[in-house]
1. Can you give the calculated 222 nm mean residue ellipticity of the chain, where each DSSP H run of n ≥ 4 adds -39,500 (n - 2.57) and the sum is split over every residue, rounded to the nearest 500 deg cm²/dmol?
2. What is the gain in length, in nm to one decimal, between GLN402 and LYS358 on full extension, counting 0.36 nm per residue of separation less the C-alpha to C-alpha distance?
3. When you count, for each residue, the other Cβ atoms within 10 Å and take the mean per peptide, how do 41-52, 281-292, 352-363 rank with the highest first?
4. Considering only DSSP beta bridges whose two residues both sit in the chain, what percent are antiparallel, to the nearest 5?
5. Using the Cα gyration tensor of the chain, with a ≥ b ≥ c the square roots of its eigenvalues, what is the shape: rounded (a/c below 1.5), prolate (a/b larger than b/c) or oblate (neither)?
6. Over the range 159-241, what lengths in whole Å, largest first, do the semi-axes of the equivalent ellipsoid take, defined as the square roots of 5 times the eigenvalues of the alpha-carbon gyration tensor?
7. Express the relative contact order of the chain as a whole percentage, based on alpha carbon pairs under 8 Å and six or more residues apart in sequence.
8. Taking a virtual spin label 7 Å from the Cα of ILE480 along the C-beta vector, which residues in the range 57-76 bring their backbone nitrogen under 12 Å of it?
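Every number in this text was worked out from the coordinates using simple rules, so none of it is lab data. Everything numeric here is computed off the predicted structure, so don't read it as measured data. For neighbour counting, all protein chains shown are included, and Cβ atoms are generated from backbone atoms with ideal geometry for every residue, glycine included.
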Amino acid sequence: MRFRLEVKALIEVLNLINGQFCTTEECLENLNPATSKQTSVIPRSTASDVDAAVIAAKRAFPAWAILSYEERADWLDRIADALEAKSEEIAALESMDTGKPISLARAVDATRSIVNFRFFAEQVRELEVERFEMEDASNHVVMQPVGVAGLITPWNLPLYLLSWKIAPAIAMGNTVVAKPSELTPLTADLLARTLVEIGLPAGVVNIVHGYGHEAGQALTEHPDTRIISFTGGTATGKIVASTAAPMFKKLSLELGGKNSTIVFADADMKKTVAGVARAGLLNQGQVCLCGSRILVESSIYDQFMADLCKHIEAMKLGDPSDESTELGSLVSKEHRSKVESFIQIAKDDGGVICTGGKRPDIEEGAFLEPTVISGLDINSTCSTEEIFGPVIVAHPFDTEEQAVTIANGVEYGLAASVWTTDLEKGRRVSEALDTGMVWVNTWLHRDLRTPFGGTKASGVGREGGRWSLSFYSEAQNICIKQ
Ligand code: TXE
């Protein structure tokens with residue numbers, strides 16, 4: 001099987017610096033991972049390009065910072081309106097750039113990117129000054145803008161995560177230099193064009209493309225970026241932290257996960273099988289929240305595994321531009337090789353491939369069958385390390401305490417889900433889990449007002465709702481003596 005190439009001419013992705021589009025001497029190729037064909041050329045920004053972007057952001061800061069919340073919220077709404085008019089284009093570009101199914105790109109990526117701007121517009125409109133009265137004095141807390149924010153984002157949810165950072169950063173009065181993933185630059189480019197079209201003041205949002213170790217590193221170590229918000233792998237997060245922390249920058253790290261899905265015998269089986277498959281495989285398993293480690297109560301283990309594999313085998317894998325496709329391509333062939341190397345490790349460790357484990361019959365692209373593995377030790381590599389692909393490992397457990405111990409026995413602490421009809425047990429187990437987020441009888445059910453982030457190797461800090469507003473500002477207390 002072979003898929004058609006969607007672009008007739010190469011797209012030229014450009015940097016946006018101080019309201020102007022520009023490119024760099026050297027450029028990088030960008031491929032459609034589902035066809036292996038080149039779609040675009042992107043700038044390979046250097047430290048001097050990043051410096052120009054930071055200078056522009058610094059220059060734009062005073063005029064942007066003195067606008068009222070209402071004025072900045074209006075700009076966010078204008079961005080949301082303009083993106084909404086292009087939502088089909090966002091979905092198509094995102095699907096082409098990442099290999100994800102178009103239906104998912106439309107329902108999740110395009111929709112959330114627009115909602116993120118609207119949501120933070122509303123959040124700052126509702127922001128109230130906190131006051132603390134004393135007998136002889138009164139305090140009030142001003143949430144001051146910080147300055148230039150460096151925002152570094154990954155390839156799995158490109159515009160969704162970029163807008164999740166840009167919207168609160170500029171809503172709170174900061175200006176921004178963003179560095180999207182070099183693997184998925186197309187919707188950041190669309191956003192740049194949109195911001196210029198609607199006349200956002202030059203320098204408020206700057207976007208530089210290129211490699212992480214070059215442009216991303218330059219942004220992190222630039223003395224004038226006072227905020228660094230990073231979403232990506234834990235190994236890269238360590239490098240970002242070791243660069244930014246000694247400079248006392250405000251730092252948010254949203255890193256990897258090895259999230260447990262705990263299934264109790266009393267769960268509603270039909271809904272649970274579908275929910276567990278979705279949690280493990282959404283976006284080909286390339287979501288930091290994916291439940292890639294399933295713990296199933298022993299009494300239902302065999303039946304549950306049989307039902308789960310049957311459900312997964314019925315999922316439609318193939319052309320991401322086909323409306324009925326449920327599983328698309330991985331983000332690149334290099335990433336697929338990394339995922340395949342984990343499957344090999346699982347086999348070497350005595351794991352049993354219950355379903356999948358190999359490439360489907362598709363000539364081009366980075367496709368891989370959804371894979372379920374059982375029979376591994378709970379401390380084995382594939383049961384403890386983030387694979388970030390369509391690979392789920394399963395383990396039986398006997399008691400509630402044992403499930404909690406296994407779930408907490410990894411270096412990550414991002415998320416978990418618990419499946420049971422006993423809601424008291426659901427709450428009890430959730431509170432015993434060392435993770436930033438837990439869902440009971442659902443997964444990735446997001447209220448944007450709630451905190452998002454993880455414990456341990458999954459990161460530092462929380463974003464979402466007032467947590468984002470607080471991260472993208474400095475709380476200044478002013479105490480006035482009567
Ligand atoms: O991510 P990186 P990669 C995990 C997943 C994946 C692994 C590596 O396990 O297999 O990370 O993926 C920029 N200074 N996740 O290599 O390197 C980079 O250009 C500053 C989980 O693609 O973390 C990109 O813009 N920036 C994850 C961003 O960091 C640097 C999502 C993320 O890239 C940099 C993606 C540096 N030195 C991968 N080096 C999640 N938690 O959602 C790279 N970058």
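1. On the way: 15 runs with 176 residues, N = 482.
Result for the chain: -11500 deg cm²/dmol, rounded to the nearest 500.
2. On the way: separation 44, 0.36 × 44 = 15.84 nm, distance 3.21 nm.
Value of the extension gain: 12.6 nm.
3. Numbers: 41-52: 20.6, 281-292: 26.1, 352-363: 15.1.
For the peptides 41-52, 281-292, 352-363, the packing ranking is 281-292, 41-52, 352-363.
4. Numbers: 30 of 71 bridges.
Roughly 40 percent of the DSSP beta bridges within the chain come out antiparallel.
5. On the way: a/c = 1.98, a/b = 1.30, b/c = 1.53.
Oblate is the answer for the chain, as a/c is 1.5 or above yet b/c matches or exceeds a/b.
6. Details: eigenvalues 88, 44, 27 Å².
Over the Cα atoms of the range 159-241, the ellipsoid semi-axes are 21, 15, 12 Å.
7. Details: 1115 pairs, mean separation 89.9, N = 482.
That works out to 19 percent.
8. Counting backbone N atoms under 12 Å from the label point, the list is empty.
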